[in-house]
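Scroll down for the structure; my scribbles are underneath it.
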Amino acid sequence: MKPSPELVLNQAFAKIAMEMAPALPPGYGQGSATTMAVLLLMVGQEFDRAAEVRVKENRVMRALFGDAAKNVSGALGQKLSAVTGVRDEDLTVSGLDRVNGELKGLLIELQVHAEQKGDRALELRILRFLSEAAAARQVQLPAM
Amino acid sequence: MITKELEARIVRYLAHRMPEAGRVSVIALSRIHGGASRETFRVRIDQERGGERGLIFRRDPVSTLIETEREVEFAAYRSFMGSAVPVPGALFLERELEWLERPFFVMEEIEGCTAGSILAADPYGSHRRKIGEQFFTILGAIAKRDAATSDLARHVPVVKPDDAWKVELAKWEKVIDEDELEPQPILRAAIRWMRRNPPPAAQKISVVHGDYRTGNFLFDGTGTIRAVLDWEMAHLGDPLEDLCWALDPLWSTDRAHPGGMLAPEEAIKVWEKASGLKADRQALAWWTMFASFKGAAIWISSAKEFQAAKNTDPVMAFSGLYCLPFHNKRLADMLLEAREAA
């Protein structure tokens with residue numbers, strides 16, 4: 001898709017933030033226009049990376065579940081095993097989001113289990129994943 | 001949208017509420033950006049007796065960023081009128097729908113001032129230090145005030161020093177339970193950590209502003225803070241809650257100077273001197289995590305409102321897209337650091 005969506009959104013941001021919003025009278029309209037411009041900038045950042053971020057998170061969580069399943073019995077162990085080795089088939093962002101939500105729900109269960117068992121290594125592995133995943137989802141904004 | 005009808009309604013209301021002013025006309029009416037929890041209008045009026053006057057109308061929105069009672073905010077303003085904490089005069093509280101279709105309250109306008117932006121690289125310029133010292137001194141004065149005798153105390157639950165953290169944690173956990181659109185492993189881990197590692201009891205129960213930060217106060221051209229605004233989340237609780245919220249790095253792009261003002265250690269010293277309280281390090285650590293947690297809960301709530309098209313103010317979307325990932329990252333790092341240290 002050319003021009004690329006990111007470029008289109010960046011240019012829309014610049015047009016609205018630098019030209020259109022300043023031409024409006026100060027107040028709610030001007031402030032909202034500027035905020036909307038910033039939203040376009042953020043969506044532009046997200047567009048290019050959204051699928052990759054979700055596919056990567058899902059892959060890392062499934063690998064983590066596969067390793068943990070070896071030491072977890074019962075219903076939780078079965079749930080962990082059930083998602084191990086699965087691959088994302090619906091690669092739309094909404095489809096990836098749905099699976100990502102399911103996996104994060106399971107991650108919460110596993111983290112509670114690790115805390116209750118005092119499995120420090122598993123706790124740390126989960127927390128490192130969460131920190132890295134959170135970093136990948138941050139949005140960078142220019143100072144305005 | 002501002003309409004002639006809204007202007008006419010305001011004129012009718014003022015004629016009813018301020019008969020001593022005689023005939024009142026609206027010279028200018030505009031909506032103010034920000035404050036997504038309420039619709040805020042600046043109204044310039046001309047009074048037959050009294051001349052020109054600036055008023056601020058804060059009207060309940062159809063949907064709100066934070067589910068708050070307007071009575072609480074109004075009472076918070078009244079708690080500090082005439083004190084060392086600068087606030088605009090809180091004039092009228094209206095619960096009846098006949099005037100503006102939704103409840104609202106009216107305040108005096110603080111003229112010739114501006115608010116800082118959390119996206120500004122240097123929101124206060126050469127006044128950074130002067131404003132920072134006032135900012136944390138005023139926060140100390142809020143903490144110092146006798147909460148039990150405040151107007152606010154009649155509108156919010158009383159809390160014991162041992163329970164302040166529990167009450168706040170439960171309050172915001174409930175918001176996440178009700179409003180999360182997807183599972184939140186970082187926030188759930190933070191809740192469990194904060195329950196396992198409680199802070200010391202509050203030194204005293206104070207009035208807590210609840211959203212004390214850059215963007216929520218007005219300053220003039222000389223770098224003097226003229227008004228602390230946006231008291232809609234005011235409650236009684238541990239004064240360290242406000243201090244740590246004010247020090248959260250989200251409030252400025254200059255992460256080393258929260259809110260674009262003082263470095264944290266210096267800010268804490270100013271606050272301790274003004275409040276007469278001590279900022280216990282263990283308690284600070286807990287309330288620091290809580291600040292990011294509470295922020296995340298608010299952003300989740302606002303994202304849900306936008307997603308459901310209940311409130312399409314772009315600020316609501318911004319909260320979900322920018323602020324939530326920011327606080328998620330910060331919380332994840334704090335949790336990781338705490339576990340590595342244990």
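The values are calculated or read from the model by the stated rules, or taken from the named source; none is laboratory data. Keep in mind that this is a model prediction, so the values were computed, not measured. Please note: Cβ atoms are built from the backbone with ideal geometry, for glycine as well, and neighbour counts cover all protein chains shown. Ligands, DNA and RNA are excluded from the accessible area calculation, which covers all protein heavy atoms including side chains. Shrake-Rupley method; radii C 1.70, N 1.55, O 1.52, S 1.80 Å.
Return the calculated 222 nm mean residue ellipticity for chain A, to the nearest 500 deg cm²/dmol, obtained by summing -39500 (n - 2.57) across DSSP H runs with n ≥ 4 and dividing by the residue count.
Numbers: 5 runs with 105 residues, N = 144.
About -25500 deg cm²/dmol.
Ignoring ligands, DNA and RNA, please state the percent of accessible area on the stretch B:125-341 from carbon and sulfur, probe 1.4 Å. Before the final figure, lay out each step's value.
Working: 4330 of 7940 Å².
Whole-percent figure for carbon plus sulfur exposure: 55.
Over the whole of B:324-336, what's the average partner chain Cβ count within 10 Å per residue? Rounded to a whole number, please.
Taking all residues of B:324-336 together, the mean is 5.
Where does each of A:122-130, B:22-30, B:304-312, B:226-234 land if you order them by average Cβ count within 10 Å, highest first?
Working: A:122-130: 19.8, B:22-30: 14.2, B:304-312: 15.8, B:226-234: 23.1.
Descending packing order for the listed peptides: B:226-234, A:122-130, B:304-312, B:22-30.
Alpha carbon centre of the stretch B:307-342 versus the stretch B:160-217: separation in Å?
Rounded to whole Å, the Cα centres lie 14 Å apart.
So if I place +1 on the C-beta of Lys and Arg and -1 on the C-beta of Asp and Glu, and nothing else carries charge, what would the dipole magnitude of chain B be about its Cα centre? I want it in debye, nearest 20.
Working: 45 positive and 50 negative charges, 77 e Å.
It works out to roughly 360 debye.
Ignore the peptide's own chain and count Cβ atoms of other chains within 10 Å of each Cβ in A:32-43; give me the average, rounded.
4
Give me the 1.4 Å probe accessible area per residue for the stretch B:147-251, excluding ligands and nucleic acids, in Å². Walk me through the intermediate numbers first.
Values: 3690 Å² over 105 residues.
Accessible surface, normalised per residue, equals 35 Å².
Where a ≥ b ≥ c are the square roots of the eigenvalues of the C-alpha gyration tensor, would you call the stretch B:183-342 rounded, which needs a/c under 1.5, or, failing that, prolate if a/b is larger than b/c, or oblate? Please report the intermediate quantities before stating the final value.
Numbers: a/c = 1.62, a/b = 1.06, b/c = 1.53.
Oblate, because a/c is 1.5 or more while a/b does not exceed b/c.
Would you calculate the separation in nanometres between label points at A:Thr92 and A:Leu141, each defined as 7 Å from the Cα along the Cα-to-beta-carbon direction?
Going by the 7 Å Cα→Cβ label model, 3.0 nm.
Per the helix-only calculation at 222 nm, which mean residue ellipticity applies to chain B, given -39500 (n - 2.57) for every DSSP H run of n ≥ 4 and division by its residues, nearest 500 deg cm²/dmol? Please list the in-between numbers first.
Values: 10 runs with 140 residues, N = 342.
So the helix-based figure for chain B works out to -13000 deg cm²/dmol.
For peptide A:97-108, what's the mean number of Cβ atoms from other chains within 10 Å of each residue's Cβ?
Numbers: counts 2, 1, 0, 2, 4, 2, 2, 6, 5, 2, 4, 8.
So the per-residue partner count for this stretch is 3.
Apply the Karplus curve 6.51 cos²θ - 1.76 cosθ + 1.60, θ = phi - 60°, to the phi angles in the stretch B:115-123 and return the couplings in whole Hz, x for Gly and Pro.
My calculation for the stretch B:115-123 gives 10, x, 10, 6, 9, 7, 5, 8, x Hz in order.
Which is farthest toward the positive dipole end of the protein assembly as shown among B:Ile298, A:Gly31, A:Gly85, measuring Cα position about the Cα centre, with Cβ charges +1 (Lys, Arg) and -1 (Asp, Glu)?
A:Gly85
Find how many whole Å separate the alpha carbon centroid of the stretch B:41-109 from the alpha carbon centroid of the stretch A:12-87.
38
Would you please put B:324-331, A:35-42 in order of how densely packed they are, using the mean number of other Cβ atoms within 10 angstrom per residue and starting with the highest? Before the final figure, lay out each step's value.
On the way: B:324-331: 23.8, A:35-42: 20.5.
By packing density, highest mean first, the sequence is B:324-331, A:35-42.
Could you tally the net charge around B:Arg49, taking each other residue with its Cβ under 15 Å from the Cβ of B:Arg49, Lys/Arg +1 and Asp/Glu -1?
Working: positive: B:Arg17, B:Arg23, B:Arg53; negative: B:Glu20, B:Asp46, B:Glu48, B:Glu52.
It works out to a net charge of -1.
For the stretch A:1-111, what does the alpha-carbon gyration tensor say about shape, rounded, prolate or oblate, given a ≥ b ≥ c as the root eigenvalues, a/c under 1.5 as rounded, and a/b over b/c as prolate?
Details: a/c = 5.11, a/b = 2.76, b/c = 1.85.
It comes out prolate by the Cα gyration axes.
Roughly how large is the B-A contact in terms of buried accessible area, totalled over both chains, probe 1.4 Å, nearest 100 Å²?
Working: alone 15100 and 9280 Å², together 21430 Å².
Using a 1.4 Å probe on protein heavy atoms, the buried area is about 3000 Å².
I'd like the Karplus ³J(HN,Hα) series for the stretch B:244-252: coefficients 6.51, -1.76, 1.60, θ = phi - 60°, whole numbers in Hz, and an x wherever there's a Gly or Pro.
Running phi through 6.51 cos²θ - 1.76 cosθ + 1.60 with θ = phi - 60° gives 6, 5, 5, 8, 4, x, 5, 7, 6 Hz.
Provide the per-residue ³J(HN,Hα) series for the stretch A:44-53, in order, calculated from phi with Karplus coefficients 6.51, -1.76, 1.60 and θ = phi - 60°, each as a whole number of Hz, with x at glycine and proline positions.
x, 5, 6, 4, 6, 9, 4, 5, 4, 4
Just the accessible area per residue of chain A, please: how many Å² with a 1.4 Å probe?
54
Net charge near B:Ser83, counting Lys/Arg +1 and Asp/Glu -1 over other residues with Cβ under 13 Å of its Cβ? Could the numbers behind the result be given before it?
Values: positive: B:Arg78, B:Lys144, B:Arg145; negative: B:Asp146, B:Asp151.
Around B:Ser83, the surrounding residues sum to +1.
Among A:Pro142, B:Gly260, B:Ile186, flag the residue with its Cα farthest along the positive direction of the charge dipole of the protein assembly as shown, charges on Cβ as +1 for Lys/Arg and -1 for Asp/Glu.
The one lying farthest along the dipole's positive direction is B:Ile186.
Suppose a student asked you for the relative contact order of the stretch B:4-108, using Cα pairs under 8 Å spaced at least 6 residues apart; what percent would you report? Please report the intermediate quantities before stating the final value.
On the way: 178 pairs, mean separation 22.9, N = 105.
Once divided by the residue count of the stretch B:4-108, the mean separation gives 22 percent.
Excluding A:Phe65 itself, calculate the net charge of residues whose Cβ lies under 13 Å from the Cβ of A:Phe65, where each Lys or Arg counts +1 and each Asp or Glu counts -1.
Details: positive: A:Arg59, A:Arg62, A:Lys70, A:Lys79, A:Lys104, A:Arg125; negative: A:Glu57, A:Asp67, A:Glu102, A:Glu109.
Neighbour charge sum, excluding A:Phe65 itself: +2.
Please check the stretch B:14-56 for residues whose accessible area, probe 1.4 Å, is lower by 20 Å² or more when all protein chains are in place than in their chain alone.
Buried by the other chains: B:Arg31, B:His33.
Indicate the gyration tensor shape class of the stretch B:4-108 (rounded, prolate or oblate), computed on the Cα atoms with a ≥ b ≥ c the square roots of the eigenvalues: a/c under 1.5 is rounded; otherwise a/b larger than b/c is prolate and the rest oblate.
oblate
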